[in-house]
Amino acid sequence: MKVLVTGAGGQLGRMLCATVPAGVTLDARSSAQLDVSDLAEVSRVVAEARPGVIINAAAYTAVDRAEQEPEHAHAVNALGPAHLAQAATHCGARLLQVSTDYVFDGTSARPYRPLDACHPLGVYGASKRAGEEAVLASAAQGLILRTSWLYAAQGNNFVRTMLRLMAERDELGVVADQVGCPTWAGTLAQALWAAAQRPQLHGLYHWADLGVASWYDFAVAIQEEALALGMLDRAIPIRPLRTEDYPTPARRPAYSVLDSADARRDFAVAGMHWRVALRMMLKELA
Ligand SMILES: NC(=O)c1ccc[n+]([C@@H]2O[C@H](COP(=O)([O-])OP(=O)(O)OC[C@H]3O[C@@H](n4cnc5c(N)ncnc54)[C@H](OP(=O)(O)O)[C@@H]3O)[C@@H](O)[C@H]2O)c1
């Protein structure tokens with residue numbers, strides 16, 4: 001099976017490249033090698049490569065900057081999947097599109113299920129939702145997998161930012177009233193490879209590591225685990241903040257816990273608790 005991975009230089013893209021299963025021939029394209037916002041380029045590359053599966057790991061992920069750059073976010077997150085869906089339809093490839101918990105507004109009283117109504121609060125979430133809609137409206141086979149609070153040993157993410165700040169500062173304040181599911185790129189890649197190998201699967205799915213946390217819980221766990229691994233010299237006080245004490249350009253959902261039960265069943269991947277996954281990522285980083 002030949003699999004084309006877009007956005008191969010990102011957190012998820014790199015992890016997909018590092019975990020290619022036996023029997024898969026990888027065709028990995030970074031943003032410099034394939035710009036998903038360019039329809040002509042996407043059509044040409046996909047027609048030449050003739051993959052059986054396309055995994056779209058390319059995205060504009062700067063949630064706050066997107067508020068100032070809505071056209072750029074839309075080009076990558078909405079037009080990109082639309083172009084890939086069109087090219088996939090032409091060559092008969094399945095498209096696995098990755099999306100986000102930020103398509104939800106956070107008002108749910110229970111974990112979000114794949115068919116729950118979407119109301120994005122910001123430009124990034126709206127652009128990702130437009131990408132989902134383009135894929136769903138197309139004739140392309142495949143599925144959409146939403147994930148949340150993604151991190152990896154490489155790339156820009158909350159875990160690496162916290163480790164840097166914990167080494168530099170004497171104390172830290174972290175938002176405690178936004179709750180979600182931290183998810184390691186390693187477990188997400190495992191889920192995507194399982195989905196790639198199950199051609200009967202289609203529709204919308206959620207994938208997040210098990211358990212629930214606030215950003216504050218997550219930061220406390222990062223410090224504890226990093227201290228245990230000798231990655232930090234000393235513990236600093238971490239204070240819980242309210243969202244209103246830490247204003248950002250983009251609004252974020254207060255509650256974006258994803259219910260991944262369907263994916264765990266249909267992909268036959270058990271998943272792991274976010275804290276176990278965090279430990280694995282930190283060991284890789286150490
Ligand atoms: N990060 C999170 O917390 C999070 C949460 C929920 C869902 N997700 C979703 O998970 C997926 C993977 O995210 P990630 O964290 O791995 O993102 P990432 O680290 O920001 O990687 C995204 C990659 O896409 C590339 N890219 C940007 N514009 C492109 C274009 N026009 N054509 C081709 N490639 C382009 C980037 O390349 P350059 O660096 O060269 O621009 C980068 O390598 C995305 O669909 C994202 O929306 C992420």
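The values are calculated or read from the model by the stated rules, or taken from the named source; none is laboratory data. Keep in mind it's a predicted model, so treat the numbers as computed, not measured. Counting neighbours? That spans all protein chains shown, and the Cβs are built from the backbone with ideal geometry, glycine included. These accessible areas exclude ligands, DNA and RNA; they are computed on the full protein's heavy atoms, side chains included. Shrake-Rupley method; radii C 1.70, N 1.55, O 1.52, S 1.80 Å.
Could you work out how far helix 39-49 tilts from the main Cα principal axis of the chain, as a 0 to 90 degree angle to the nearest 10? Orientation of helix 39-49: about 70 degrees from the principal axis. The GNM of the chain, with springs linking C-alpha atoms under 10 angstrom apart, assigns the highest mean-square fluctuation among Tyr112, Tyr151, Tyr246 to Tyr246.
Axis of helix 185-196 versus longest Cα principal axis of the chain: the two differ by about 20°, to the nearest ten degrees. Just the protein heavy atoms count here, and of the accessible area of the stretch 54-150 at 1.4 Å, carbon and sulfur take up 53 percent.
Summarising the amide proton neighbourhood of Ile55: residues at separation of 5 or more, or on other chains, whose placed amide H is nearer than 5 Å comprise Leu4, Val5, Thr6, Leu96.
Estimated translational diffusion coefficient (Stokes-Einstein, Kirkwood radius over Cα pairs, 4 °C, 1.567 mPa s) of the chain: 67 µm² per second. Arg50 contributes about 150 Å² of solvent-accessible surface, heavy atoms of the protein only, 1.4 Å probe. Rolling a 1.4 Å probe across the protein heavy atoms gives the chain an accessible surface of 43 Å² per residue. Extending 7 Å from Cα along the Cβ direction at Asn156 and again at Ile236 yields two label points whose distance is 2.0 nm.
With a Förster radius of 41 Å applied to the beta-carbon distance between Arg50 and His273, the computed FRET efficiency rounds to 0.55.
Shown are Glu168, Glu69, whose ranking by accessible area with a 1.4 Å probe and every protein chain present, most to least, is Glu168, Glu69.
Full extension of the chain segment joining His90 with Leu229 gains 45.1 nm, where the gain is 0.36 nm per residue of separation less the Cα-Cα distance. By how many degrees, 0 to 90 and rounded to 10, does the Cα axis of helix 123-137 deviate from the longest principal axis of the chain? The angle comes out near 30 degrees.
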